[in-house]
Amino acid sequence: MPKSLVRIFAKQYVAGENVNDVLEVVSSLNKEGFKTTVDILGEHFTDENEINEIVAEYNELYKEIHNRNLDSNISIKPTHIGLDISYVTVLLNFTSLLDLAKKYNNFLRIDMESSSITDDTLKLYRKLISIYDNVGIVFQSYLHRSYDDLKNIKNKSTLNFRLCKGIYKESGNIAFSNYHDINNNYLKMLEYAFENDIYVGIATHDTNLIDKCYELINKYNVTSDKFEFQVLYGVPMDNYLNKHKQNNYTVRVYVPYGKQWYEYSIRRIKENPNILIYVVKNLFKR
Ligand SMILES: Cc1cc2nc3c(=O)[nH]c(=O)nc-3n(C[C@H](O)[C@H](O)[C@H](O)COP(=O)(O)OP(=O)(O)OC[C@H]3O[C@@H](n4cnc5c(N)ncnc54)[C@H](O)[C@@H]3O)c2cc1C
């Protein structure tokens with residue numbers, strides 16, 4: 001696919017190529033009243049030098065977020081910083097980043113990738129949460145296993161998870177493929193979080209689902225310090241972001257950036273060709 005065409009896609013969803021680009025976007029989102037989480041694009045890195053460069057860039061991000069007084073945490077994919085080399089490599093990299101995050105009173109969320117590494121990602125999370133209280137995880141409601149994975153987390157008081165539907169292509173043996181099944185599991189997991197006083201990031205653009213989430217928030221009288229809404233940078237949400245703000249609910253925007261914008265965009269388009277339709281629709285909406 002020609003780069004010029006993909007750039008149209010990327011421009012909407014990717015906040016530039018370097019630290020300065022992304023922090024300018026973060027700063028203007030903060031001014032509009034949104035918190036953010038920043039992600040450097042890239043996954044499945046196997047070259048140690050490249051991985052070290054990415055870890056160094058995440059270091060710089062934590063420092064600059066602090067220096068510029070921005071309201072942003074960071075989200076990281078395990079295969080971006082070493083899981084494809086070894087569990088020990090990724091553990092050491094997360095440990096050094098969490099030390100820095102702790103120093104700056106910041107937070108790190110481990111993104112969830114495809115089901116082939118769910119076990120390793122959960123093992124990593126369990127290890128890190130036994131040492132740090134500023135690390136969070138993600139559960140995907142399309143996986144059959146996710147509800148049990150959530151229930152099996154031992155210390156619920158330190159659990160902070162993002163709930164999303166899941167973006168990877170998964171087999172029907174392990175994942176729901178039907179819209180209603182995915183949403184029902186999403187709501188079941190959200191209800192579990194509310195019943196057990198667990199902090200949850202409600203990450204979805206599905207406005208029907210968001211309406212149901214509001215019903216649960218009201219049903220359980222959940223206070224606004226126990227959850228936040230999360231959206232991807234560039235996805236239009238009609239009036240929903242204003243609605244959240246009017247209710248004094250936190251909204252966090254996930255802001256990806258980096259040199260790998262082309263590869264990222266192609267992967268996203270391949271995984272979900274409907275995205276191209278959204279982009280064209282959004283161009284017209286704008
Ligand atoms: C903050 C955040 C973090 C995420 N982190 C992860 C993660 O760690 N692991 C993971 O597997 N997945 C992650 N995801 C992706 C998620 O799993 C879904 O694939 C994605 O959000 C689309 O599902 P949906 O809930 O928005 O509902 P859908 O039913 O897929 O979409 C609902 C509506 O939202 C709109 N929409 C959805 N996506 C887009 C888009 N890209 N552009 C324009 N419009 C769109 C469309 O109008 C669509 O009809 C994350 C999503 C968010 C919002």
Tell me which residues, restricted to segment 52-84, are open to solvent by 10 Å² or more (accessible area, probe 1.4 Å) and part of a loop (DSSP other than H, G, I, E, B).
Arg68, Asn69, Leu70, Asp71, Lys77, Leu83, Asp84
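Here's a check for you: in segment 109-156, which residue that is of a type in the set (A, V, I, L, M) and in a helix (DSSP H, G or I) is farthest from Leu83 (Cα to Cα)?
Here the residue is Leu150.
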Does Leu108 count as out of contact with any strand residue (DSSP E or B) (no Cβ under 9 Å at 6 or more places or on another chain) and closer than 29 Å to Asp148 by Cβ?
no
Based on this model, can you work out whether Ser224 counts as among the small types (Gly, Ala, Ser) and over 23 Å from Phe139 (Cβ atoms)?
no
Residue check, Val88 under 16 Å from the mean Cα position of the chain (by Cα) and either within 22 Å of Ile202 (Cα to Cα) or open to solvent by 40 Å² or more (accessible area, probe 1.4 Å) (or both)
no
Residue ID - most open to solvent (accessible area, probe 1.4 Å), chosen from residues in segment 157-201 that are under 22 Å from Asn134 (Cα atoms) and in a strand (DSSP E or B):
Tyr199
Quick one: which residue in Lys31, Lys11 is of a type outside the set (A, V, I, L, M), closer than 17 Å to Ile275 by Cβ and surrounded by fewer than 19 Cβ atoms within 10 Å (Cβ to Cβ)?
Lys11
Could you list, in sequence order, the residues of segment 151-180 that are hydrophobic (A, V, I, L, M, F, W, C) and within 20 Å of Lys212 (Cα to Cα)?
Phe161, Leu163, Cys164, Phe176
Pairs please, first residue from segment 253-266 and more than 14 Å from the ligand (Cβ to nearest atom), second anywhere and in a helix (DSSP H, G or I) and modelled with pLDDT of 95 or more, Cβ atoms under 7 Å, 6+ apart in sequence or on different chains.
Tyr257/Asp21; Tyr257/Val22
Quick check: is even one residue across segment 233-247 assigned to a strand (DSSP E or B), in contact with a strand residue (DSSP E or B) (Cβ under 8 Å, 6 or more places away or on another chain) and within 9 Å of the ligand (Cβ to nearest atom)?
no
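With respect to Asp119, is the statement that it is in contact with a helix residue (DSSP H, G or I) (Cβ under 7 Å, 6 or more places away or on another chain), acidic (Asp, Glu) and open to solvent by 10 Å² or more (accessible area, probe 1.4 Å) true?
Answer is no for this residue.
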Log entry, pairs with first residue in segment 1-25 being touching a residue at least 40 places away in the same chain (Cβ under 8 Å) and within 16 Å of the ligand (Cβ to nearest atom), second being open to solvent by 80 Å² or more (accessible area, probe 1.4 Å) and assigned to a loop (DSSP other than H, G, I, E, B), beta carbons closer than 8 Å, six or more apart or on different chains, reads none
Here is a list of conditions, (1) of a type in the set (Val, Ile, Thr); (2) assigned to a helix (DSSP H, G or I); (3) open to solvent by 10 Å² or more (accessible area, probe 1.4 Å); (4) over 19 Å from Ser114 (Cα atoms), and Ile269 meets all of them except one; can you say which number that is?
(4)
What's the number of the condition Ile65 fails, among (1) under 30 Å from Lys243 (Cα atoms); (2) within 16 Å of the ligand (Cβ to nearest atom); (3) β-branched (Val, Ile, Thr)?
(2)
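The values are calculated or read from the model by the stated rules, or taken from the named source; none is laboratory data. The structure displayed is predicted, hence computed values, not measured ones. When we count neighbours, we look across all protein chains shown, and the Cβ atoms used for this are built from the backbone with ideal geometry, even at glycine. These area figures cover heavy atoms from the full protein model, side chains too; ligands, DNA and RNA do not enter into them. Shrake-Rupley method; radii C 1.70, N 1.55, O 1.52, S 1.80 Å.
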